[in-house]
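The values are calculated or read from the model by the stated rules, or taken from the named source; none is laboratory data. Keep in mind that this is a model prediction, so the values were computed, not measured. Cβ placement follows ideal geometry from the backbone for every residue including glycine, while neighbour counts extend to all protein chains displayed. Surface areas here come from the heavy atoms of the whole protein model, side chains and all, with no ligands, DNA or RNA. Shrake-Rupley method; radii C 1.70, N 1.55, O 1.52, S 1.80 Å.
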Amino acid sequence: MGFGPSLTFLDATAFDVDNGGSRSLERLTNGSRVAVVGGGPAGSIFSLNLLEQAQMAHLSLNVSIFEDRVFSTAGRVGCNMCAGILSASFINALADLSITLPESVVLSRISAYQLHTPSGTLEAFQPNSTAPILSVFRGRGPMDSPLSSDVSLDGFLLREALSKGANLVQSTVERIEFGGRPHLVINDRKEEYDLVVLASGVNSRLTHSMPTPYQPPPTQRMAQDELWVGERAVARSIGSKVHIFLIPGTNLVFGTLIPKGPYINVSLMSRREPAMTVEDFLAYPMVRASLPPYFERRCGCAPLIALGPARNAWGIRFVAVGDAAVTRLYKDGLTSAALTARQAAITAIQHGVSRESFQQHYAPLCQDIATDNRFGKLLFGVNDKAAGSYMWFSLQACTLAAERSAPYDKRDMDQAIWGMFTGAYSYSSILYRAFRPSLWRNVLNSLAQRLSLGPGLVASISQIPRPIRILVLGGGFAGVYTTLHLEKALRHDTYVTITLVSDENFFLFTPLLHEVATGGIETRHIALSIRRWRGRRRFEFVQANIHSVNLAQRNVRTSQGDLPYDILVLTLGSITDRTALANSEGRVFTLKSLRDGIALRNHVLQMFELASSDRASGIPRLTFVIVGGGTTGVQMAADLHDFTSNSLLKEYRDISANNVRVILVQSDQRLLPDLGAHLGGVARKELETQGVEVITGTQVRRVRPNRIELDNGRVIATHTIIWTPGIAANPVVSSLPIRKDQYGRIYVNEYLEVPGYPGVYAMGDNACMLDQKTGSPLPPTAHIAVRQPKVAAANIVASIKGGKKKPYRYLHMGQMVTLGPRSAVADIFGFKTHGFLTRILWLLAYTSVMMGKYNRIRVFSDWIFGLFFGRDSTMLRLRW
């Protein structure tokens, strides 16, 4: 971003021709015709000043204002594409013309400016209540605006100019021609004037089609919209304050929310093309936290804003005013328009309309504005670099607190921030204040306070309107790890709240659940208390059942009440897919929760107790059928056989080993299809060697009480059926009215976001994400649920603080499957291995990824004791 070239002299050969070059005619006289192209504030204020100066000089002028817009009409016809903030300087400029704004034009009176950064919020209050800052509409407002026709600022100023003697020509000026006196071309008709004033601004086609040597200012496109919310909602959400947002890592210089009666104006200034869109801006949680829940976007535009001065902005009988000449960088453009219009009018009446007159009496003001803008560029650049710094925010907040008890003229930081917000002071004076020794004394004192009192001081100083609420649903791998990463990244950002919601108050290490069900690990050793694990971490935990999610209202209904959110993370996990059991009648065990593991172990022990006391029915009671030859089914079959054969048969000595059967049924032709044919064959051979009966290529047709029917006609009498094939997304997720796959998982993009719902993320078993290499959905494995949260958390932080989002890239690291206490198979980055050493590797791998040293030690101890003393056979008879 640059400021463009400096102001330069006009090319004399282009504009210095005036009826043979006579200089005697380079003054306005009685009856001189003046054309003001543009009826906005610059044109109206120029006309008012010109007529006032002419009256003082006893001149009678014919002033025509050319304007094709109708400011009393709502929508684009009367729109001037402006944020509509009036500073005290602009109001004073009107007062010099004896003009007072009527109440019909004033939409809101601004009491303070609030700066929102990723580290917190600072507030600058109006130092002088007698110097108001007002918000207005330049036209009548958006289409369908209910406001009256006299609400327009531009319309009011134009009427004032007409009341002082100017004429309105409701026509479009096609072009301006020079050579002799300047001419306006209107409807292919030329009209000659003694002075032409270009006041149409950088958003006018005419400004950009002017003949050389005039060159329009360099521009940058911004984005704007008007949000209809109603006056009460405006008062409740942003009040009478202008809210300014700095989002580091984006191309946004700043974004603002401005109260305008029943509307909230959104104005975004970007550093480069393409400008940040209003949609993207409103999606940032920091912005949404300041908005009411419901609003309607009533209009939108992408106006140009001048970043520097025009070249050759004056000449013989020609002058440009307002941003067609020069305007203040980013802030208070209306005051610049008023100042340039006034000085150009004074020059024309008192000094003449020659190039030399404008160069001597008008150019210095324009040059001062352009020079000051260079200081502004420096200040905004420094501010951008520091916007994401928590330390810089802390120093500002502490310094403001230290200054607030002093008189306003001694509050350098307060003045600097107020000047940057409002444009009340020149950029050079703000920079001067930044180097005053008194400011740096306060900064150093604040630094000492910051180091001694910590972040609590900053939290008490910063004014935070409403926190950004991050809601993480589900206490599994994805939910817990997302919470961890978010807490680490946002622990100093006191305006962000992180809440983890789960129906259990513990994190369950599900890859070892089959060992709980078979007595290999004590029940509580794979359950880590969330509250104990949270410790001093800065997040909240709510134990509740989740009933539903309302994406439109951004609310989650739970057994503990409704929980609103700004950012939602769906990690509710999965349930066992029971679709194939729709017509079944018998009891089927699943293995998804700690309750499942305890219930299954109790049931196995109960079967041994009954078989021991009732030997006549012992055979079917001790037949255990596992359905599903994937990872869970194979591990369950191996551990269940080891549990029954090597532990329980030693304790139930009256039961023969011949009566105990463990049967594994797989619909595929091989076990562990994800590991390939070789390792699948190794797993089958190992299981059969141990004594597990393996049936492949066969599906379950029906489950009946005490038996299971296969599609090959075989019927197996059993009291125990363990169902492990396939999963489905949690019903809360699968019921959402958004695009999902056949398992109820939500389609997400590469950033793990739910398309069409800003601020909503899904991971693990709740997300359907396509592998970029194969085009197939990623498998619902634990290692993916552990790695996705790091990327999702980084993207959430980027959405809050600003920054580039990171795509999740799937890396297949391999898979390990245990085959009992003495064997395992593994595929690690394509290297296939099996046997006892692979089992040791499996133990080490799962111990290392388990959260909490306490649980790691206890689980590893359970494995060691189980190897020497057998598995635990205690039956916990609990009522569920």
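Here is how the numbers come out for the structure above:
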read-out	value
Neighbours by Cβ (under 7 Å, 6+ apart or cross-chain): first from the range 519-539, over 23 Å from Gly820 (Cβ atoms); second in a helix (DSSP H, G or I) and at pLDDT 85 or above	Ala527/Leu594; Arg537/Glu487; Arg538/Glu487; Phe539/Thr483; Phe539/Glu487
Within the range 747-777, considering residues that are touching a helix residue (DSSP H, G or I) at 6+ places or on another chain (Cβ under 6 Å) and not small (Gly, Ala, Ser), the one modelled with the lowest pLDDT	Pro758
Selection within the range 698-711 - touching a Lys or Arg at 6+ places or on another chain (Cβ under 9 Å) and closer than 18 Å to Pro673 by Cβ	Thr698
Checklist (1) open to solvent by less than 10 Å² (accessible area, probe 1.4 Å); (2) of a type in the set (Val, Ile, Thr); (3) modelled with pLDDT of 90 or more applied to Thr121, failing item	(3)
Filter result for Arg450 (at pLDDT below 80, open to solvent by 50 Å² or more (accessible area, probe 1.4 Å), farther than 23 Å from Ala88 by Cβ and among the charged types (D, E, K, R))	no
Residue that is least open to solvent (accessible area, probe 1.4 Å) [pool: residues in the range 124-140 that are of a type outside the set (A, V, I, L, M) and out of contact with any Ser or Thr (no Cβ under 8 Å at 6 or more places or on another chain)]	Pro132
Residue tally, condition part of a helix (DSSP H, G or I) and closer than 15 Å to Leu819 by Cβ, over the range 652-701	14
Scope the range 822-839; condition buried (at least 20 other Cβ atoms within 10 Å of the Cβ) and part of a loop (DSSP other than H, G, I, E, B); matching residues	Ser823
Condition met for Arg809 (in a loop (DSSP other than H, G, I, E, B), under 28 Å from Gly519 (Cβ atoms) and among the basic types (Lys, Arg))	no
So Thr696, is it open to solvent by 60 Å² or more (accessible area, probe 1.4 Å) and among the polar types (S, T, N, Q)	no
Odd one out for Ser104, checked against (1) modelled with pLDDT of 90 or more; (2) open to solvent by less than 10 Å² (accessible area, probe 1.4 Å); (3) not aliphatic (A, V, I, L, M)	(2)
Residue identified as under 30 Å from His719 (Cβ atoms), touching a strand residue (DSSP E or B) at 6+ places or on another chain (Cβ under 8 Å) and modelled with pLDDT of 90 or more among Ser574, Ser559	Ser574
Every residue from the range 499-543 that is of a type in the set (A, V, I, L, M) and part of a loop (DSSP other than H, G, I, E, B)	Ile521
Cβ-Cβ under 8 Å pairs, at least 6 apart or on other chains, the range 160-174 side over 16 Å from Ala42 (Cα atoms), far side loosely packed, with under 14 Cβ neighbours inside 10 Å and among the hydroxyl-bearing types (Ser, Thr, Tyr)	none
Leading residue by the ranking (least open to solvent (accessible area, probe 1.4 Å)) among those in the range 163-213 that are assigned to a helix (DSSP H, G or I) and not small (Gly, Ala, Ser)	Thr207
One residue from Val715, Val733 being β-branched (Val, Ile, Thr) and open to solvent by 50 Å² or more (accessible area, probe 1.4 Å)	Val715
Single residue of Phe90, Phe71 found to be within 25 Å of Met269 (Cβ to Cβ) and outside any helix (DSSP H, G or I)	Phe71
Some residue of the range 254-273 being acidic (Asp, Glu), out of contact with any Ser or Thr (no Cβ under 8 Å at 6 or more places or on another chain), under 29 Å from Ala798 (Cβ atoms) and in a strand (DSSP E or B)	no
Any chance Ile746 is buried (at least 18 other Cβ atoms within 10 Å of the Cβ) and out of contact with any Phe, Trp or Tyr (no Cβ under 9 Å at 6 or more places or on another chain)	yes
Of the criteria (1) surrounded by fewer than 23 Cβ atoms within 10 Å (Cβ to Cβ); (2) modelled with pLDDT under 90; (3) at positive phi; (4) not aromatic (Phe, Trp, Tyr), which one Ser98 fails	(2)
Residues of the range 642-651 classified as open to solvent by 30 Å² or more (accessible area, probe 1.4 Å) and either touching a strand residue (DSSP E or B) at 6+ places or on another chain (Cβ under 9 Å) or assigned to a loop (DSSP other than H, G, I, E, B) (or both), total	1
For Val665: the one exception among (1) under 23 Å from Ile575 (Cα atoms); (2) within 42 Å of the chain's Cα centre (by Cα)	(2)
Unmet requirement for Glu52, which otherwise passes all of (1) within 16 Å of Ser163 (Cβ to Cβ); (2) open to solvent by less than 10 Å² (accessible area, probe 1.4 Å); (3) in a helix (DSSP H, G or I)	(2)
Among (1) closer than 30 Å to His783 by Cβ; (2) surrounded by 15 or more Cβ atoms within 10 Å (Cβ to Cβ); (3) polar (S, T, N, Q) - the single one Gln669 does not satisfy	(2)
Subset of the range 323-341 that is under 35 Å from the mean Cα position of the chain (by Cα), crowded, with 24+ Cβ neighbours inside 10 Å and among the polar types (S, T, N, Q) - its residue that is farthest from Glu52 (Cα to Cα)	Thr327
Count of residues meeting criterion [over 17 Å from Ala324 (Cα atoms), surrounded by 15 or more Cβ atoms within 10 Å (Cβ to Cβ) and out of contact with any Lys or Arg (no Cβ under 9 Å at 6 or more places or on another chain)] in the range 357-373	1
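Listed here are the residues, each with its yes/no results for (1) open to solvent by less than 80 Å² (accessible area, probe 1.4 Å); (2) more than 15 Å from Asp639 (Cβ to Cβ); (3) β-branched (Val, Ile, Thr); (4) in contact (Cβ under 8 Å) with a residue 40 or more places away in the chain.
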site: Leu841; (1), (2), (3), (4): yes, yes, no, no
site: Met851; (1), (2), (3), (4): yes, yes, no, yes
site: Arg858; (1), (2), (3), (4): yes, yes, no, yes
site: Ile864; (1), (2), (3), (4): yes, yes, yes, no
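Matching residues to (1) touching a strand residue (DSSP E or B) at 6+ places or on another chain (Cβ under 7 Å); (2) farther than 21 Å from Ala489 by Cα; (3) not in a strand (DSSP E or B); (4) not acidic (Asp, Glu):
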position: Tyr761; (1), (2), (3), (4): yes, no, no, yes
position: Asp765; (1), (2), (3), (4): yes, yes, yes, no
position: Thr774; (1), (2), (3), (4): no, yes, yes, yes
position: Pro780; (1), (2), (3), (4): yes, yes, yes, yes
position: Ala785; (1), (2), (3), (4): no, no, yes, yes
position: Lys790; (1), (2), (3), (4): no, no, yes, yes
position: Ala793; (1), (2), (3), (4): no, no, yes, yes
position: Ile796; (1), (2), (3), (4): yes, no, yes, yes
position: Lys804; (1), (2), (3), (4): no, no, yes, yes
